Amino acid sequence: MITNYLDIKLEVKKAIANNLPVVALESTIISHGMPYPQNKETALHVEQIVRDNGAIPATIALINGKIKVGLTEDEIDYLAKSGSKIVKASRRDLPYLLAQKIDGATTVASTMIAANLAGIRIFATGGIGGVHRGASQSFDISADLQELANTNVAVVCAGIKAILDLGLTLEYLETFGIPVLGYQTEELPAFYTQKSGFKVNYKMESTSDIAQLLKTKWNLKLKGGVIIANPILKEKQLDFDIMKIAIDKALVEEKELGIKGKDSTPFLLGKVKELTDGLSLEANIELVYNNAKLAAQIAKEFNKLVL
Ligand code: PSU
Ligand code: MN
């Protein structure tokens, strides 16, 4: 029974049962995406922003053999303090970690799986995984993309992380039929910047238009997710050229050190932070807040339609 593996916090369970808007949140960004104590502050504040915008937050992680949907403050503190000691848990890691009762921080892919099992359709994060640069050699393509191809959850993010190959990621998304929507933008944002040089598939003017699109996609049984790319606020974005230099440097170092697989994304994010004197972390935090707000607004609109 799936319920044997799911542990939904009472507040979240009640919200789902009463058709109230709920926003799923991931935990890899807490344990592997940011240092302590900023990760804890961010995780708690993100939940508050979701509440302030009229939805219930459900941060997701693997705790003691269960997929926990909705964490307590103590659990968030534990994930934040443990950092990289907690296993980064994507789709392939779930059976081992749950069967062995080993705790794990969920990625976009595994958070989507959990949200779907719990009946949550809207999820907010910073950035999704994608096709890494040099993927034609390394084959490094995030499991997040296959999850988006298969699981009915909409992901609000700040576009595609600039450390990735944006062009190849867009091609992959097109192949698997995953719509890439821009919230009030035609340009695909690149995480730290509004600019990327690439276009989204469709510019969406309002949260109700987005909710209508989601409903239409799933009513048609077109399985899979949707990417809602929400640009970082103009006044919070970083300089495109400075970021390019920092990212290129981080990529060279990664190659020299032979870092691969699941360690790649945390390494690159950490290195870029170091090379920008912490500026990238500040931007990362700001864009997550911005996404949490939009996700709560979309969840409200979506629930009006489902009712
Ligand atoms: N975006 C961030 N910080 C992160 C991640 C994304 O701002 O820590 C995490 C997400 O959990 C995403 C994962 O699912 O990185 C992608 O890792 P990989 O490329 O190994 O699939
Ligand atoms: Mn990877």
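Structural remarks
- Residues in the range 134-173 that are in a loop (DSSP other than H, G, I, E, B), surrounded by fewer than 22 Cβ atoms within 10 Å (Cβ to Cβ) and either near ligand 1 (Cβ under 9 Å from one of its atoms) or among the basic types (Lys, Arg) (or both): ASP140 only.
- Every condition in (1) of a type in the set (S, T, N, Q); (2) modelled with pLDDT of 95 or more; (3) buried (at least 18 other Cβ atoms within 10 Å of the Cβ) is met by THR265 except one, and the failing one is (2).
- Any chance LEU62 is touching a residue at least 12 places away in the same chain (Cβ under 8 Å), assigned to a helix (DSSP H, G or I) and not β-branched (Val, Ile, Thr): no
- From the options SER27, SER84, residue that is of a type in the set (S, T, N, Q) and over 18 Å from ALA292 (Cα atoms): SER84
- Subset of the range 133-160 that is in contact with a strand residue (DSSP E or B) (Cβ under 6 Å, 6 or more places away or on another chain) and of a type outside the set (A, V, I, L, M) - its residue that is nearest to ligand 2 (Cβ to nearest atom): ASP140
- Residue match in the range 68-77 (condition: in contact with a helix residue (DSSP H, G or I) (Cβ under 8 Å, 6 or more places away or on another chain) and in a strand (DSSP E or B)): yes
- Residue count for the range 66-106, restricted to those that are at positive phi and surrounded by fewer than 16 Cβ atoms within 10 Å (Cβ to Cβ): 1
- Any hit, the range 214-223, residues being outside any helix (DSSP H, G or I) and under 20 Å from the mean Cα position of the chain (by Cα): yes
The values are calculated or read from the model by the stated rules, or taken from the named source; none is laboratory data. A quick note: this is a predicted structure, and the numbers were derived from the prediction, not measured. Please note: Cβ atoms are built from the backbone with ideal geometry, for glycine as well, and neighbour counts cover all protein chains shown.
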